[in-house]
Every structure is written in structure tokens, then in C-alpha cells.
Amino acid sequence: MVDISYYVMQPIITSIKTGNIWHDCLLIMITVFCLTCINKFCASAIDKLQLLISSITWRRFKARYSINIIANPNGLLDTRLQVPEEYLGILHHLHVADINICSAKSIPTPTNKSKTTNPDPLDELVNYFITSTGKQDLLIASNIYLHIEKATNLDSKDSFFAHRNIGLLHYKITLYSYKLTFKQLKGIITEWTVAYRDYIKEKNKGNFYHFTLMPMFGSPNAKVCINFKKHLFTTTKSFDNLFFDGKQMLIDRVNFFLNNPNFYEQRGISHSFGLLFYGSPGCGKTSTIKALASYTKRHLVEIPLSRIRTCDELEQAFFLNSYDMTNLDFSNKIIVFEDIDCMSHLIKKRSTSSTTSEPVTSTEGDDVVIHLEQDDINAGKKKMSKQSLRSLLGEDQTAPKDPLTLSFLLNLIDGIIEQPSRILIMTSNHPEQIDPALLRPGRIDIKLEFKKCTKSISKEIIEFFFDKTNHVDVSQLCDNAHSPADIISACMSSTDGKQTVQLLSEQVLPNVVIEAQHILTCNEQ
């Protein structure tokens, strides 16, 4: 608004001069104050008048619904940040209804793609932001308009983004209606979202994926959103081309679990299936996991416990039921804790007694109990509260306040919250190091050892590899001398079963000679 006081102040000041400097100053101050008040009053009156005219001229919204979209414009991350499912449903509706969009910006995707990685985090129909609808808001359905607010760069509060100077793009779209109620508007948006889910489900029909938990960034005490690397799962492994002791037993137990949920319900047994695969590397643990995923037609969700810092992170990953529009209910996935013995500080066997004089620290219960040297132990345990210990030692601000513990892992697997149709597989090279509580019945139903091949298993592998064209004599082979990987490698280097057996025998001979020499040396000594 134009400031009219400037135009009237000079004539008034000129006309009120009395020749007395004190009188003139007082009159000028009063004049300026009065003109300022009048100016503000006029401005307020004009604003109210404009608002009144606007309310008469323009119709009021009956319902309005806003959606925020936040993303990284640099494409430095493998995952988008916040692209709500409802927004994807709206974009899918615009495509189906063939509604023109004035301006859009592509959602950044990673540049380091591989053939196995999911080629695009978003479907090609919805991998963009709407940045403008033109001069007017866009009519996208009967009585529903779409409004786009100007994008701004946001500074992420997360230290991971802040330290890397990654600005985030923020888009806000608003759907509004002059006639529909909020319930009706929200219902239509839900219908569009469901239609997009059905489209993605149909497009991915028959596809299965391998999800691997990615490392966490930022402070472990901050609220984090877990991310997975998604790969299309394809495998040549099946129970037809795998051979190991206990294979038929495993197939029978899996079939019973899948086909008899009522059996578990009637007997009050949790409908879950836990397996421990253990043994030497190269003996078929990972191959059997692939075959089991193919056999059950389920996705694989691999959770490396070494990447988990807090109980909350593990709970999020374990109970994840959807990711990138992929249904990950327990009935549609197999959870894998591979090489669980690598987390020795978490799952190692707890000793029941201690006779050593080495310092040991226990963190069970509400108090921290410090076991000192043997003399102090005999004198009695010294306790201090957590708060006292923190005040003495100083609290580590970077340490998680909710660190992952064995107790939480046990309750997660077999706690109050039941997980119907869940299949959980753990693999280990050293099961003797694992706490028995983790392997007790109810948590682990089958413990299957993958050993080096017996003669009969070796014979099956060789005859299967060469299509059983001839009988293979494996009498010269030794039991538990070769892993399945060793036998397959020998088959690849041979032309028939006989040559394979000969090659395997020659591989064992040097080891036998070395062992014999070692025995003779010991006897001479």
C-alpha cells in the first residue's frame, strides 16, 4: 500500500510553524504520530475489505489434503528419501486418465546400477516430481484439483546429509475439492493408491527378490529409516540338483509346515519354522537357502547382524512387511541371519561359572556389576548404579542407548508377538560357540549339518552331473574327504565319471602322504 503520510506531512509541518522551536517540535511529533496511526488504520481496513471481497468472489474449500515429497537431487544415494505411496498412486491415476502435466522433474536414480540390481527404484510411470501445473491448478478428477507449491532446498537435520552438504528437494502437492467431503476425497486417493499397488503386483508377478540390509548412517540414538539393497532373485539351485544327508527330511518338514497351518493352531504351537545350517564352507549351506527360497516361492531378506546397532533397528528390519511395493509379510519371505557366529560378542555361549582371575564385566539387569580380580571376587561383588558409573567414567555420547542384546534377539524370535508362517534360517561355521538359548527347540526346529560328502553322496553328484550315462565306481574315494564344491569342480575338469573319481583320488593322496609322514615323525620321537 502507498504511504500517504509522506505527501501530507510536509504541508502540515509548514503550516503549523509558530516560530517557537519547542512548540514546533512538539507539534511535529504529535502530527507524525497521528498520521502513522491513520495510515495503519487505513491499511488494516483495506486488507479486511479485500478479504471480504475475496470470500464473496471465491468459493471456500470443502476438503483439502496435502502430501510432502522429499528427495535427494544429486542421486548420490541408492534410495529415495520420502516419496509417499499416495503420491505414486496419484501419478498412476494421471497416467491412466491421460491428464497432461505442464512441468515435471525426474526423480534421481543411482548411477552405479548392475544387471541384478532392481533397475529402477520406481516404476517408469511414476518416477518424476510434478513441479508446475501451469497458470491454474490442475483438475485431475471430478471436483478434485491439484495444486503444486514451489520446490525449496531443505537442509537435512540428519548428520549424514549435513556433513556432506546434500541439499534435499521438497515438493508439496495439495488436493482439494469444493464439493467433496474430506472422507470422500481421502477415499478416492486411497482407491488410486490401491490401483497402483495392483498395477505393481501384476507387473512383478512371478518375480522374487533378494533384500540385503544396508549399513546405517548417522547417530545410533537418532530415529533412522532402514534401507535394503534389492536384487532380482534368480537361481539354478533346486533340491533336484543338490545332494546332502538329510535332504529328504528337510523337504518333508518344509512341506508339512507349509501345508498344515491348522495343525499348529489346534495344538497351540507357533506357526514358525527355524533352521540352523552349520558346517564347513563349501558344503552347501548357501545353495540350500537358494533352493529353499525357490521351492517355497518366497523372497529372501538377509539381515547381517553386524550392521545392526540397536534393538529398534533389528525390530524394524525383522517386522518389515513391505519395501518398494513388494509384499514382505512373513508368509512371503525367508529371513536369513547368515554367519551368525561372526557376532561373537552377541551370541557367544555364556559360561555358567568362572575360575579365571581375568576382569569380567556383566551388563545384565538394572545395575552394572563389575567383577574385579579374584581377591575382590572372593570378598564380594561391588555394585554401583548405572548413573553413578556414567558419572565416574563419562557417558559415551556416540554409543547407542538401546544396544542390541542377546535377550532382545531371543524375545524377537520367540516372544509375545507371534509371526505366523515365518521361516528363519541361521547359518554358522562354529555352532558350538552359539549360546544354547538361541538354538533351543521352538526357536530352531531343525539343526542340519553340512559335511563333506560320503561315498554315496559323491556317487549321486557325479552320476547326476554326467546324466547317469554310466555307472560310477567310487570305492577308491574316502568318506568325508571332499566338499560338494570340490566334487563339482572335479566334474567340470573331467569328461566322465571315471576321470572325475581319479582326479578326486589324486587330490586326496598328497594329504594322506603328509598325514603318514606326520605319524612316522611322532613315532620316531
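Readers should treat all values here as calculations from the given coordinates under stated rules, not as data from a laboratory. None of these values were measured; they are calculated from a predicted model. For neighbour counting, all protein chains shown are included, and Cβ atoms are generated from backbone atoms with ideal geometry for every residue, glycine included.
With the convex hull constructed from alpha-carbon coordinates only, the stretch 425-474 shows a mean projected area of 5.0 nm² over all directions. In this structure, the amide hydrogen of Met426, modeled 1.01 Å from its nitrogen in the peptide plane, lies closer than 5 angstrom to those of Leu275, Leu276, Phe277, Phe337, counting only residues at least 5 positions away or on a different chain. The simple Förster model, with R0 at 56 Å and r as the Cβ-Cβ distance, assigns Phe464 and Lys223 a FRET efficiency of 0.60. Listed values for the stretch 321-328 are Karplus-derived 3J(HN,Hα) couplings in whole Hz (6.51 cos²θ - 1.76 cosθ + 1.60, θ = phi - 60°), namely 10, 7, 8, 6, 6, 9, 6, 10, and x replaces Gly and Pro.
Annotation: the residues Phe217, Phe41, sorted from fewest to most other C-beta atoms within 10 Å of their own C-beta, follow the order Phe41, Phe217. Fewest neighbouring Cβ atoms within 10 Å first, the residues Arg64, Arg197 line up as Arg64, Arg197. Here each label is just a point 7 Å from Cα along the line to Cβ, and for Leu410 and Ala104 those points are 5.4 nm apart. Model label sites at Thr234 and Lys172, defined 7 Å from Cα along the beta-carbon direction, differ in position by 4.6 nm. For Glu418, Glu432, the sequence from fewest to most other C-beta atoms within 10 Å is Glu432, Glu418.
Work out, step by step, the length gained on full extension between Lys447 and Leu503: first 0.36 nm times the residue separation, then minus their alpha carbon distance; give nm to one decimal.
In short, 16.9 nm is gained.
Amide H of Ala104 versus every other amide H placed in the peptide plane: which residues, excluding those fewer than 5 positions away on the same chain, fall under 5 Å? Counting only residues 5 or more places away or on other chains, the set is Thr131.
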